[in-house]
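First the structure, in the form of structure tokens, and then the observations on it.
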Amino acid sequence: MSDVFFVTGGAGFIGSNLVHHILETRPDARVVVYDALTYAGNLDNLEGVIDGKRCTFVEGDICNRARVLETLELERPRYVFHLAAESHVDRSIDGPGAFVQTNIVGTFEMLEASRAFAANLSNDDRGAFRFIHVSTDEVYGSLGTEGLFSETTPYAPNSPYAASKASSDHLTRAYHHTYGLPTVTTNCSNNYGPYQFPEKLIPLCLLNALEGKRLPVYGDGRNVRDWLFVGDHCEALLVAAERGTVGETYNIGSNNERTTLEMVHAICDELDSIRPRASGSYRDQIAFVTDRPGHDRRYAIDATKLERELGWRARTPFVQGMQTTVAWYLAHADWCERISNGVYRRERLGL
Ligand SMILES: NC(=O)c1ccc[n+]([C@@H]2O[C@H](COP(=O)([O-])OP(=O)(O)OC[C@H]3O[C@@H](n4cnc5c(N)ncnc54)[C@H](O)[C@@H]3O)[C@@H](O)[C@H]2O)c1
């Protein structure tokens with residue numbers, strides 16, 4: 001079985017970074033991107049890589065089992081990386097139905113299609129096949145000031161987004177346990193980096209800062225997340241696929257706890273040093289706004305299982321990751337412009 005990587009959600013933020021990362025680091029790999037191109041998916045994220053040879057694009061919905069199966073049978077991947085999802089917590093507060101449909105029903109259809117595909121593989125190919133279910137640390141709920149999420153932390157999802165991802169994790173587990181589908185599940189902390197849609201904190205603040213708009217910080221700004229550079233997440237996904245134990249779950253994080261306010265300060269300080277305002281600091285644009293309903297206070301990841309068993313380590317120090325990210329958005333003003341021209345205009349969601 002050749003190294004074909006099938007990536008759902010490959011036109012989104014993490015998916016497109018994963019596609020670039022596979023093509024750059026796995027010279028024998030061929031990538032098939034399967035994506036419905038929702039508001040969050042954009043072929044601009046894959047500019048220059050879709051060549052019909054090493055990388056092909058298929059427009060399709062993960063809820064369409066027949067189309068997924070037809071594509072799997074045509075492309076015969078060794079790895080299915082399942083990233084396609086509705087991913088924004090605020091949107092899940094305004095409209096949870098789409099999260100149930102895409103994240104739960106869509107994952108069910110992906111699992112069914114993958115099970116049917118795997119059933120017709122030779123024994124060797126079935127032994128090499130992997131379904132990597134990409135999930136989030138939000139399934140574990142909220143922490144107090146102490147402690148970390150491990151793979152054995154009980155699930156306690158609090159937002160409709162987190163509940164839909166938790167449900168998809170359980171389905172994935174059941175498909176391994178019941179049908180022997182060779183699954184690996186990963187639960188990762190908050191990512192930042194290039195190609196992130198500007199409804200999320202980092203690009204939203206970056207673009208607003210440059211346009212002289214306010215930088216909205218929810219509540220008191222002290223909610224804590226464990227921030228990981230997206231390139232490190234992508235390598236962790238490949239390591240989990242290539243060396244992970246079937247049926248296991250792996251937490252991914254980098255011991256990089258920051259409050260929202262610290263993140264916004266980091267963006268402002270980096271911009272102050274490389275693109276200073278005419279006067280004052282970008283920090284002057286920070287505005288505290290009404291908190292998100294049910295906002296989880298703190299997430300923090302214990303990633304020692306992935307480090308100890310599979311030898312993965314986050315390689316990007318926070319300062320370097322933030323410099324790379326800010327520089328990328330500044331250098332891709334045309335991308336920012338095209339992305340911002342869609343329906344979403346950086347308005348507040350999820351109140
Ligand atoms: N962003 C994070 O910090 C983070 C952290 C941990 C885990 N995750 C998980 O990683 C995955 C990717 O997250 P992201 O931030 O890149 O999301 P994103 O919103 O940027 O991208 C989602 C992609 O999925 C596609 N998609 C949505 N519905 C689809 C459907 N029905 N059929 C086919 N494609 C569809 C979209 O077009 C888009 O390209 C998600 O499963 C998310 O839960 C994200």
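Quick one: ranking LEU171, LEU210 by accessible area, 1.4 Å probe, largest first, what do you get? List each step's numbers first, then the result.
On the way: LEU171 50, LEU210 70 Å².
I get LEU210, LEU171, largest accessible area first.
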Task: Unit charges at the beta carbon, dipole of the chain: most positive-side option, LEU111, GLN101, HIS133 - done: GLN101
- [ ] Could you work out how far the C-alpha centroid of the stretch 56-75 sits from that of the stretch 135-160, in angstrom?
- [x] 32 Å
Task: Per residue value of the accessible surface for the chain (all protein chains in place, 1.4 Å probe), Å² - done: 41 Å²
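Can you put THR324, THR71 in order of accessible area, largest first, using a 1.4 Å probe?
Numbers: THR324 65, THR71 10 Å².
Accessible-area ranking of THR324, THR71, largest first: THR324, THR71.
Select from the stretch 166-240 those GluC sites (Glu not before Pro) which occupy a DSSP coil region and have at most 15 other Cβ atoms within 10 Å, ordered by residue number. If you can, show how the numbers build up before the last one.
Details: sites: GLU199, GLU211, GLU235; in loops: GLU199, GLU211.
Sites meeting the loop and neighbour criteria: GLU211.
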- [ ] Give me the Kirkwood hydrodynamic radius of the stretch 173-236, using the inverse of the mean 1/r over all pairs of distinct Cα atoms, in Å to one decimal.
- [x] 14.7 Å
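How long are the three semi-axes of the equivalent ellipsoid for the stretch 208-351, computed from the Cα gyration tensor as the root of 5 times each eigenvalue, in whole Å, largest first?
31, 19, 16
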Task: Degrees separating the helix 13-25 axis from the principal Cα axis of the chain, which is the longest one - done: 60 degrees
TODO: Could you tell me the accessible area of THR304 in Å² (1.4 Å probe, neighbours in place), rounded to the nearest ten?
DONE: 60 Å²
- [ ] Would you kindly calculate the mean projected area, averaged across all directions, of the convex hull enclosing the Cα atoms of the chain, in square nanometres?
- [x] 16.5 nm²
Task: For the stretch 1-136: rounded, prolate or oblate by the Cα gyration tensor [a/c cutoff 1.5] - done: oblate
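Compute, for the stretch 42-196, the length of the dipole vector about the Cα centre, with Cβ point charges of +1 (Lys, Arg) and -1 (Asp, Glu) only. Units Debye, rounded to 20. All intermediate terms of the calculation are to be shown ahead of the outcome.
Values: 12 positive and 20 negative charges, 96 e Å.
Once rounded to the nearest 20, the dipole reads 460 debye.
With contacts defined as alpha carbon pairs under 8 Å and 6 or more residues apart, what's the relative contact order of the chain in percent? Don't skip to the end; give the middle numbers.
Values: 669 pairs, mean separation 64.4, N = 351.
Computed over the chain, the figure is 18 percent.
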TODO: May I ask for log10 I(q)/I(0) of the stretch 70-216 at q = 0.14 Å⁻¹, from a Debye sum over the Cα atoms as equal point scatterers with solvent left out?
DONE: -0.78
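Let's test the formula: R0 of 35 Å, r as the Cβ-Cβ distance of ALA156 and GLN323. What FRET efficiency results, to the nearest 0.05? Don't jump to the answer; show the numbers that get you there.
Working: r = 35 Å, r/R0 = 1.01.
Efficiency for this residue pair is about 0.50.
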Task: Given charges at Cβ of Lys, Arg, Asp, Glu: the stretch 162-241 dipole, positive-most of GLY231, TYR195, SER164 - done: SER164
- [ ] Nearest 5 is fine: what % of DSSP beta bridges in the chain come out antiparallel, could you say?
- [x] 10 percent
Open item on the list: Suppose we keep just the DSSP beta bridges with both residues in the stretch 215-351; what percent of those would be antiparallel, to 5?
Closed with: 40 percent
Open item on the list: Could you work out the pair-distance distribution P(r) of the stretch 1-52 from its alpha-carbon pairs, with 10 angstrom bin width and percents rounded to whole numbers?
Closed with: 27, 59, 14, 1
Open item on the list: Taking the 0 to 90 degree range and rounding to the nearest ten, how far is the long axis of helix 230-243 tilted relative to the main principal axis of the chain, both from C-alpha atoms?
Closed with: 20 degrees
Open item on the list: Helix 160-179 against the longest principal axis of the chain: what's the angle in degrees, Cα atoms only, rounded to the nearest 10?
Closed with: 20 degrees
Open item on the list: For ASP3, project a label point 7 Å along Cα to C-beta. Then give me every residue of the stretch 15-44 with its amide nitrogen under 13 Å of that point.
Closed with: 21-31
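The values are calculated or read from the model by the stated rules, or taken from the named source; none is laboratory data. Computed from a prediction, not measured in an experiment: that's the story for all the values here. Cβ atoms come from the backbone with ideal geometry, glycine included; neighbour counts cover every protein chain shown. Areas reflect the complete protein model, heavy atoms only, side chains present, ligands, DNA and RNA absent. Shrake-Rupley method; radii C 1.70, N 1.55, O 1.52, S 1.80 Å.
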